[in-house]
Amino acid sequence: MNITELTVHELKEKLDKKELTITEITKAYVDRINEKEKDVQSFVTTLTDEAIEKSKKIEEKLKNNENLGKYAGIPIGIKDNMCTKGIKTTCSSRMLENFISPYDGTVVNRVINEENMIDLGKLNMDEFAMGSSTETSYFKKTKNPWDLRKVPGGSSGGSAAAVAANMVPWALGSDTGGSIRQPASLCGVVGLKPTYGLVSRYGLVAFASSLDQIGPITKDVRDAAMLLSIIAGHDEKDTTSANIPKKDYTKALKNDVNGLKIGVPKEFFGEGINEEVKESINKAIEKYKELGAIVEETSLDVAEYALATYYIIACAEASSNLGRFDGIRYGYRTKNFTDLQEIYENSRSEGFGAEVKRRIILGTYVLSSGYYDAYYKKAQQVRTLVKNEFAKNLSKYDVLLTPTSPTTAFKLGEKSNNPLEMYLADICTVSVNIAGLPGLSIPCGVDKSGMPIGMQLIGKAFDEETILNAGYTFEQAYKFREKYKPDFKGGNN
Amino acid sequence: MKVEREELLHIAKLANLKINEEEIDDYLLNLQDILNFANIVNDAPVEGLKETVGSDDRYNVFRKDEVKEFEDEESLLQNAPEKENHMFKIPKVL
C-alpha cells in the first residue's frame, strides 16, 4: 500500500481499522516531501520535523483516549497567506519574509488546534495571491507535477501541486478570482470555493475582502466535503461570516444526479477556450445525460464584463488593504531612508514585487477622483448585473457547468510578461466570486499532452451540497484518479 | 482614456510607491492595456441598476463592544523592524 496515494477518507478508514498509525502516515508524507519537493517546489516553509514530533504526541494522547477531534493526526498543508501562530506567514512576498503571526486564523485554529491535524508546512502562492501561475512568488516557482516545465496555476499553486504530488493529503487554499479552482484544474485535483461568507476570513491576509474565500483543495470530492464541514461555520471575528448552522457536507454525496437540472452557458465556450478543453467538457456533459441529469444550453453573457469588473474591484480593494504595509509595525523596512515618508515609499517599493505594485497602482487609479465614476462605480453596477444574471439562471437550473480554465497548464514564463494575458486565465472563474456563489472544480479529462482538464460546477449561494453531489456523481462514474496520474515529466533527472 | 506619465507618477505617489525611471514605460504600457480592457464595463447594460458593495446584502453586523485582553503582547512587537520601550519606533516627524 502506498500511503500517500490514499485520500483522506481512505486514510481515516485505515486508521479506524488500525491498519495504519498516525506516525506511519506522517512519516510517509515526510518521506514523500523529501523525495519530491526538490522537483515541485511547492512549500515556502516545511514543518517535517515538527510534524513527526506532533504525530508521536497525538498518538500518545489517543492511546490515553483523549478526545482530539475526528481528524486528529491527519496531515494538511496550508497556503502561506493564512496566519499560523509562531510559524512564518509570508504571502510569498519579500514584504512578509520574516513575519511571524501572533495568532492563528480561525480556519487554521479549527484544523490545527481543534481537530489536531498535523501541519506539514506553508504552501507557495502568487505574491499576496495576485496571479494565476504562482510565478509572482518572491521565493520560488512551483512546478506542475504533471509536467515540471509547466505552471501549477495560481494563486494557490503550491497547495494544488502539493496535493497532486501526494506531498500533502489535502490542503487549504484561498480564492479571490479563481485561485483555488484554476490551480486545482491545472493540477488534476478537486478545488472548492465556498459561498462568500461560509468560511471565516479572520486571519487570512486580505487581498480583496469582498471576494476572498478560503476553501479545500483535495484528491477527491468526498475529501472536499469533509474538509468543508470542518472549516465552514459562523465566526464573530469576521463580520461577513454567515450565521448558518454547521453541516456535514458528506451527507449530500448521493451518487445520483437523476433529474438534476444543469445549465450550460454558451458564452463560456467561446473563441478563447481551447478546443480540447471544450471537447472534454462536452464529453462530461454527455456523461451527465447518461447519468440522468437534464442538461440544457443557456445564456450567461457576463464573462468579459465580470473579468473587467473583477480587476477593477479586486485592485481597488487591494490598494486599500495593502496600505497597511508601511515598514513600521511589521513587514519589510528599507535601509534607505531619512524621514518617515521615505520609510513608507522605499519599504513598499522594495518589499512588493512588480505585479503587486501594478495592482496597487491600478486600484489607486480607479479610486482616484476623476476616474471613480467611470471605473469603480460602474464596476459596482456591473456586479449587480452579474449577480442578477446568475440569479436568473440559477432559478431555472440547480447547477451551472463551465470549463474551469480556458486552457490546460501553460509553460513557465509563457505569460509572465503579459499581465493582461495572464488575467484572461481567470475568465471562467471570476464571475463566480463577483456573484459570491460556490464553485467546484473537478478533473474531467486530459489533453493530448496528458495535462489535466477541469470542469466547474456553480451552485446557488450556500447550496454547496448540490454541486458537491453533482461533482461526486461524475467522479464516481468517470474515475479520473484511476485513469490518470501525474508523472513528473520534464524534470532534470 | 490615455494615461500620461505625470498622472502615473501622481498615482504612485498617492499609493506611497516609487517608480524608477526605467520602469515607467513598462508600467504605463501595462496600465494602459488593462484600462483599455477594463473600459468594457462602460458598455455593460447597467442602466438603472444599483451598485453592489459586497457579495451579499447584509450590512452593519453588530456585536457587543467588549474589551478583550490579548495576552501575548510581546508577539505583537516581535515583528517590528525597530522598537524602543515597548513601542514602535519611527524617525522624527516634526
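Structure summary
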| item | result |
| --- | --- |
| Segment A:357-381 and segment A:1-37: distance between their alpha carbon centers, rounded to Å | 48 Å |
| Net charge contributed by nearby residues that have their C-beta within less than 10 Å of A:Gly490 (K/R +1, D/E -1) | +2 |
| Loop-resident sites, segment B:6-79, for trypsin sites (Lys or Arg not before Pro), counting at most 10 other Cβ within 10 Å (DSSP) | B:Lys50, B:Arg63, B:Lys64, B:Lys68 |
| Under 5 Å, built H, 5+ apart or other chain: amide partners of A:Phe43 | A:Asn124 |
| Residue-by-residue Karplus 3J(HN,Hα) for segment A:264-270, coefficients 6.51, -1.76, 1.60, Hz, glycine and proline x | 10, x, 5, 5, 8, 10, x |
| Long-range HN-HN contacts of A:Ile294 with modeled amide H, under 5 Å | A:Gly259, A:Leu260, A:Lys261, A:Ile262 |
| Test item: Cα-centred dipole of chain B, Lys/Arg +1 and Asp/Glu -1 on Cβ, debye | 340 debye |
| In segment A:267-299, the GluC sites (Glu not before Pro) that fall in loop regions by DSSP, at most 11 other Cβ within 10 Å | A:Glu271 |
| Protection proxy ranking, peptides A:196-202, A:16-22, average beta carbon neighbours within 10 Å, highest first | A:196-202, A:16-22 |
| Whole-number D in µm² s⁻¹ for segment A:265-407, Kirkwood Cα-pair radius fed into Stokes-Einstein, 25 °C, 0.890 mPa s | 132 µm²/s |
| Dipole axis of the protein assembly as shown (+1 Lys, Arg; -1 Asp, Glu on Cβ), positive-most option in A:Leu400, A:Gly77, A:Leu437 | A:Gly77 |
| For A:328-334, mean number of other protein chain Cβ atoms within 10 Å | 4 |
| Label point distance in nm, A:Lys61-A:Asp16, each placed 7 Å from Cα along Cα→Cβ | 2.1 nm |
| Shielding by partners, peptide B:5-16 (average Cβ within 10 angstrom, other chains) | 6 |
| Under the span-like rule (Cα at least 24 Å along the axis, Kyte-Doolittle mean at least 0.0), DSSP H helices of chain A | A:303-321 |
| Alpha-carbon spread of the protein assembly as shown, three principal axes, descending order, Å | 70, 57, 57 |
| Out-of-range pairs (alpha-carbon distance over 29 Å; input A:Lys70/A:Lys122; A:Lys246/A:Lys357; A:Lys54/A:Lys460; A:Lys14/A:Lys122; A:Lys88/A:Lys193; A:Lys143/B:Lys13) | A:Lys246/A:Lys357; A:Lys54/A:Lys460; A:Lys143/B:Lys13 |
| Zone residues, segment A:400-416, relative to A:Arg149, backbone N less than 13 Å from point 7 Å out along Cα-to-Cβ | A:410-414 |
| Whole-Å semi-axes of the ellipsoid equivalent to segment A:139-208 (Cα gyration tensor, √5λ, descending) | 22, 12, 11 |
| 10 Å-binned pair-distance histogram of segment A:423-493 (Cα, whole percent) | 17, 39, 32, 11, 2 |
| Semi-axes of the equivalent ellipsoid for segment A:210-324, Cα gyration tensor, largest first, Å | 30, 25, 13 |
| Only Lys, Arg (+1) and Asp, Glu (-1) charged, at Cβ; segment A:206-328 dipole about Cα centre in debye | 580 debye |
| Lys, Arg +1 and Asp, Glu -1 on Cβ, resulting dipole of segment A:129-180 about Cα centre, debye, nearest 20 | 200 debye |
| Inter-site label distance for B:Asn85 and B:Asn20 at 7 Å from Cα along Cβ, in nm | 4.0 nm |
| Ratio Rg/Rh, restricted to segment A:136-262 and using Cα atoms, in which Rh is the Kirkwood radius | 1.00 |
| Cα convex hull of chain B, projected area averaged across orientations, nm² | 13.0 nm² |
| Measure of compaction for segment A:317-470 (Cα Rg per 2.2 N^0.38 Å) | 1.36 |
| Whole-Å distance, taken between Cα centres, linking segment B:1-37 and segment A:242-295 | 42 Å |
| Helix-only CD estimate at 222 nm, as mean residue ellipticity for chain B, using -39500 (n - 2.57) per DSSP H run (n ≥ 4) | -9500 deg cm²/dmol |
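Quick note: the coordinates plus some simple rules give every number you see, no bench work behind them. Everything quoted here is computed from the prediction, not taken from an experiment. Note: ideal-geometry Cβ built from the backbone for every residue, glycine included; neighbour counts use all protein chains shown.
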